[in-house]
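Step one of this worksheet: look at the structure below.
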Amino acid sequence: VRVRPLTGTETRRGDQQVVHSLGDGAVHVSAARHDATFGFSAVFDAGASQEAVFEGSGMRQLVELAIDGFSCTVFAFGQTGSGKTYTLMGPLAQSETQPASPALLGLMQRSFTCLLEQSRSRGSDLALSASYLEIYNEQVRDLLSPGPPCALPLRWSKTRGFYVENQLSVEFESLEAIVSLLLQGSQRRRTSAHALNRHSSRSHALLTIHIRSRAVSAHPAPGEGWGASACPSKQGTLCFVDLAGSERVKETGSSGELSVEANSINRSLLALGKSWGTCRGSPAGPHRSPVSSSVAPPPAGHCISLLAKPRGKRTHIPYRDSKLTRLLARSLGGSGITLMVACISPSSRCLSETLSTLHYASRARRVTTRP
Ligand code: ADP
Ligand code: MG
């Protein structure tokens, strides 16, 4: 959980700070009629630096697992303005001529650096490529391919699972190259709609790094040839997901278009919650005491195989509910490892959205998957 600082506007209008970190992964929400403590793996409060979030969230280990061939995913979740994009990318409005201060770089750029360093230090031969998509109104668009954004079809095959047809995947070898792809894509995300802010807060953005590695062994075992000692090639992915704002869109005055948007966002987030929720049987709720955060998680289910084998008509396949969950099917089960960053505002005005984010995160936290 990451709690951003109160913004200038919030401070000026006298908003109360209702969220406090208690240490040891406990976060306390206190306001007039609400008083709840939630337990998580880690809580970063307003004073936490971007570096502290990278080091304390397990992001470095996630990068290493992706190099080892796992499908790793990072989600930033929370209402609009809660700090999702800040956490993933750092403050916006950087351009190529005016790069952001290195101290403010987000999880993505830090992961790229870590990935490239690891690939050098392990002496492994990594082939890296990136793809960048957004899902807006249940339409998948490529953020890297030139030309006006057009919707790409989502397909399924036995060998590949769900994939986006004609999606561009760009190879890169340097930090500069991948950071420039990230900026290019984010720029397209922001300028492809008339209502810029609304657009970026109503769409999900997925940047995926594909890692193919073939470890080169310098010391073959006695009697073994050079060729035989080389490890078989591994394929891992590292996916960064900047989710659409989780807040409920106000129905008042919403045009037809807005309601469609609200529906598809809610469908995505619900499906995501459902596909996780299906993995365990008991209802979700906040941890009432920080101590319970150290209690072992309940027995794990295998999300995706469970969902993919419908038995009887009551069984539902929630990950088919939205394009987002279909694209993330591999991360949500099997060899998937997921880091979920719930972003919240400390302001009293955001109380109900903050509580809903924390409840959702508590539910997600109790789910584990088995390969
Ligand atoms: P979201 O992507 O969730 O809509 P943003 O990442 O755009 O939210 O953050 C909203 C505003 O708050 C931005 O102006 C951002 O710079 C600022 N902000 C968010 N998190 C932090 C933080 N941890 N420290 C300082 N400013 C932050
Ligand atoms: Mg954002």
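The values are calculated or read from the model by the stated rules, or taken from the named source; none is laboratory data. Bear in mind the structure is a predicted one, so any value in this text is a computation, not a measurement. Methodologically, a virtual Cβ is constructed for each residue, glycine included, from the backbone with ideal geometry; neighbour enumeration extends over all protein chains shown. The protein model used for the area step is the full one, side chains on, heavy atoms only, and it has no ligands, DNA or RNA in it. Shrake-Rupley method; radii C 1.70, N 1.55, O 1.52, S 1.80 Å.
For the reader, a short list of remarks on this structure follows.
- For THR7, the accessible surface of its heavy atoms amounts to roughly 50 Å² (probe 1.4 Å, protein chains only, rounded to the nearest 10).
- Total formal charge among the other residues, if their Cβ is under 9 angstrom from that of ALA205, Lys/Arg +1 and Asp/Glu -1: -1
- Anisotropy class of the range 38-128 from Cα gyration tensor, a/c 1.5 cut: oblate
- Mean Cβ count within 10 Å, highest first, over the residues of peptides 40-53, 150-163, 350-363: 350-363, 40-53, 150-163
- 5 angstrom amide H check on LEU143, placed H, neighbours 5+ away: TYR132, LEU133, GLU134
- Taking GLU64, GLU176, GLU138 and ordering them by how much accessible surface each has at a 1.4 Å probe, largest first, produces GLU176, GLU64, GLU138.
- Using the Karplus relation 6.51 cos²θ - 1.76 cosθ + 1.60 with θ = phi - 60°, the per-residue 3J(HN,Hα) values for the range 158-168 come to 4, 7, 9, x, 6, 8, 9, 6, 6, 6, 7 Hz, with x marking Gly and Pro.
- Solvent exposure of the range 30-92 amounts to 37 Å² per residue of accessible area, where only protein heavy atoms count and the probe is 1.4 Å.
- Sequence-separation-based contact order of the range 20-61, relative, with Cα cut under 8 Å and 6+ spacing, percent: 30
- Accessible surface of the range 21-159, 1.4 Å probe: 52 percent of it comes from carbon and sulfur atoms.
- Available extension along the chain between SER41 and GLU55 is 3.7 nm, counting 0.36 nm per residue and deducting the alpha carbon span.
- ARG188 accessible area, assembled protein chains, probe 1.4 Å, Å²: 60
- Using the Cβ-Cβ distance between LEU175 and ALA151 with R0 set to 45 Å, the FRET efficiency from 1/(1 + (r/R0)^6) comes to roughly 0.90.
- Phi angles of the range 109-123 translate, via the Karplus equation with coefficients 6.51, -1.76, 1.60 and θ = phi - 60°, into HN-Hα couplings of 4, 5, 5, 4, 4, 4, 4, 5, 5, 4, 5, 6, 6, 7, x Hz per residue; Gly and Pro are given as x.
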